[in-house]
Amino acid sequence: MGNEWTPQGYPSVVPTMRAEQVDRLLVFMQTVFDGEILQRAVDANEKITHAEVRIGHGMIEVSDANAAWPANETSLHVFVPNVDECFRRALEEGAVPLYEPADMPYGERSGGVRDPFGNSWFIATFRRGAGRGYYD
């Protein structure tokens, strides 16, 4: 992933999430997706101004919402080794199911949840496709 226009190890696209109580969102991401917090910066009031979380090969930036940058709802499609286990952990961390894990006709087993902060997570394990692509 190295090139001269992105930091070493960063993908070209990095979603940004803002939430109330982002410290709880970070715990959710760590517990559910085995997220690794790479950076975490706080202001004088201990509000998180910037955090970076690596999930698998991806990266997500998060920060506490404020007057200038209010909370936003985000939808993300995340590939994991075991969708059923990840879905279960999400529910244990307070997410509500959008749909139960099921085998899909496009080659993945996936389920969806809404986390306690209003974000939708579409959790998937890719199962089929000789070329590692959908509909192969």
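The values are calculated or read from the model by the stated rules, or taken from the named source; none is laboratory data. None of these values were measured; they are calculated from a predicted model. Because the Cβ atoms are built from the backbone with ideal geometry, glycine has one as well, and the counts that use them run over all protein chains shown.
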Study note, to complete from the structure: The condition of being under 10 Å from the mean Cα position of the chain (by Cα), more than 25 Å from Arg127 (Cα to Cα) and of a type in the set (Asp, Glu) holds, among Glu46, Glu52, Glu61, Glu73, only for Glu61
Exercise for review: Within the range 83-115, work out how many residues are crowded, with 16+ Cβ neighbours inside 10 Å, of a type outside the set (A, V, I, L, M) and within 16 Å of Thr31 (Cα to Cα).
Suggested key: 6
Review point. Just checking, which of Val27, Val62, Val53 is in a helix (DSSP H, G or I) and modelled with pLDDT of 95 or more?
Key: Val27
Revision key, fill the gap. The lone condition Gly9 fails out of (1) on the phi > 0 side of the Ramachandran plot; (2) in contact with a strand residue (DSSP E or B) (Cβ under 7 Å, 6 or more places away or on another chain) is (2)
Study note, to complete from the structure: Among the residues of the range 1-21, the number that are more than 23 Å from Phe79 (Cβ to Cβ) and under 13 Å from the mean Cα position of the chain (by Cα) is 1
Exercise for review: For the range 65-76, name all the residues that are outside any loop (DSSP other than H, G, I, E, B) and surrounded by 13 or more Cβ atoms within 10 Å (Cβ to Cβ).
Suggested key: Leu76
Check your understanding: Could you list, in sequence order, the residues of the range 31-62 that are out of contact with any strand residue (DSSP E or B) (no Cβ under 7 Å at 6 or more places or on another chain), without any contact (Cβ under 8 Å) to a residue 60 or more places away in the chain and more than 14 Å from Pro15 (Cβ to Cβ)?
Key -> Asp34, Ala44, Asn45, Glu46
Check your understanding: Quick one: how many residues across the range 75-114 are among the small types (Gly, Ala, Ser) and modelled with pLDDT under 95?
Key -> 1
Review point. Taking the range 8-24 as the region of interest, how many residues are free of Cβ contacts under 8 Å to residues at least 12 places away in the same chain and either part of a strand (DSSP E or B) or hydroxyl-bearing (Ser, Thr, Tyr) (or both)?
Key: 1
